[in-house]
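Remarks on the structure that follows.
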Amino acid sequence: MRKIIHIDMDAFFASIEQRDQPMLLGKPVAVGGSGKRGVVAAASYEARKFGVFSAQPSSIAVRLCPGLIFVKPRFEVYKSVSNQIREIFLEYTDLVEPLSLDEAYLDVTENKKGIATATEIALEIKARIMADTQLTASAGVSINKFLAKVASDQNKPDGIFVIKPKAAGPFVDQLPIEKFHGIGKVTAATMHRMGINTGADLKQVSREALIRRFGKTGSYYFDIARAIDHRPVNPNRIRKSLGAERTFEDDLSENEEIIVQTNGIADILFERILRAKASGKTVTLKLKFNDFEIINRSKSTGHLMASKEEIITIAMELLHRELPAKKGIRLIGLTLSNLDRQESDIGKQLTLDF
């Protein structure tokens with residue numbers, strides 16, 4: 001039986017800004033842009049009380065919280081702090097699987113310090129993070145990744161929740177289906193229509209029925225309803241794509257302007273490709289229009305692309321098929337996928353110019 005910890009930093013980006021700018025402490029803070037096309041990248045807990053959350057348009061966030069303070073993101077700072085925290089994890093185990101800059105799984109079944117329980121390790125890590133970074137983290141401790149991930153959300157912020165082996169089944173039985181990691185809003189709504197509201201309800205549905213309704217993922221749902229998750233903690237987890245996107249203050253409609261902006265985003269993408277020492281076979285263009293319709297256009301090659309010229313050529317080819325634009329464009333994104341890389345570059349896609 002494994003001992004798994006899931007560490008999730010509390011309002012990571014916003015907490016770093018509050019730490020570095022003490023005048024923001026205790027105030028509702030949003031990391032992002034305040035313009036009419038701005039997007040919230042992260043919100044402090046003070047802001048969340050008003051219903052402000054990440055990926056929300058800034059215009060809506062301001063209506064919900066008139067006193068909201070916007071701070072421009074500093075992704076290099078966030079990445080530096082994330083690396084600092086990861087070094088703490090590695091003092092306890094080499095089996096660390098980062099999911100993003102602010103969360104990771106740790107397998108401490110065998111740990112470097114010989115500490116008897118995973119709970120003690122989680123508490124010690126939380127204390128070390130606070131001492132070294134002045135930031136709080138929440139921890140979930142259990143026998144597998146699914147349970148540890150769900151547990152870390154139970155006592156946020158600055159909390160810890162432990163699901164022991166004998167408690168796993170009863171805990172999952174009473175868990176609302178929306179709280180299951182891996183079940184999103186759309187799937188949860190579908191399950192509600194099927195009469196599935198809790199883990200106990202989900203357990204009543206056969207594996208075959210879930211696969212018929214949800215495809216291969218149905219088998220995963222069948223297992224987690226029984227607190228089963230055999231996925232190992234993978235310290236070599238690699239991102240499947242690298243991307244960059246930008247939301248514009250005003251809609252783009254002129255061909256020349258759209259082309260110039262797409263070239264600029266390609267420059268940023270190529271910088272990330274170089275840092276990651278990556279190459280890939282597929283370029284994807286993403287366009288979001290002013291009515292929020294999103295289209296994705298992709299092209300794959302039979303070889304790995306690593307040159308800026310080739311990536312831009314394909315991006316332009318995809319773009320010209322959509323010009324002239326049928327509607328005003330509010331967002332352009334470019335992604336390189338089907339990657340081959342010499343080293344991993346784990347982290348979320350960063351959005352430019354909030």
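None of the figures in this text is laboratory data; all of them are computed from the coordinates on show. The shown structure was predicted, so the numbers you read here are calculated from the model rather than taken from an experiment. Don't worry about glycine lacking a Cβ; one is built from the backbone with ideal geometry, like all the others, and counts go over all protein chains shown.
A few notes on this one:
- Normalised by the number of residues in region 167-224, the mean separation of alpha-carbon contacts (under 8 Å, six or more apart) gives a relative contact order of 28 percent.
- The length gained by stretching the chain between Lys36 and Glu208 to full extension, at 0.36 nm per residue less their Cα-Cα distance, is 57.2 nm.
- Label point distance in nm, Asp94-Thr301, each placed 7 Å from Cα along Cα→Cβ: 3.7
- Each stretch of four or more DSSP H residues adds -39500 (n - 2.57); spread over every residue of the chain, this sum gives -11500 deg cm²/dmol at 222 nm.
- Here r is the Cβ-Cβ distance between Glu254 and Phe75 and R0 is 30 Å; the resulting FRET efficiency, rounded to 0.05, is 0.50.
- Cβ charges +1 (Lys, Arg) and -1 (Asp, Glu), total dipole of region 167-224, debye: 220
- Neighbours of Ser44, meaning other residues whose beta-carbon lies under 10 angstrom from its beta-carbon, give a summed charge of 0 when Lys and Arg score +1 and Asp and Glu score -1.
- Farthest toward the positive end of the dipole of the chain, out of Ser300, Leu331, Ala315, is the Cα of Ser300, where the dipole comes from beta carbon charges about the Cα centre.
- Listed residues Val77, Ile7, Ala168: farthest to the positive end of the dipole of the chain (Cβ charges): Ala168
- The angle separating the long axis of helix 165-174 from the principal Cα axis of greatest extent in the chain is about 60 degrees.
- Across region 29-174, the relative contact order, built from alpha-carbon pairs under 8 Å that are at least six residues apart, equals 12 percent.
- Where labels lie 7 Å past Cα in the beta-carbon direction, separation of Ser241 and Leu274 in nm: 2.4
- Charge sum, other residues only, whose C-beta stays under 10 Å from Phe13's C-beta, Lys/Arg counted +1 and Asp/Glu -1: -1
- Relative to the dominant Cα principal axis of the chain, helix 118-133 is inclined by about 50°.
- Taking region 241-352 and dividing mean pair separation by its residue count, relative contact order in percent (alpha carbons under 8 Å, at least six apart): 47
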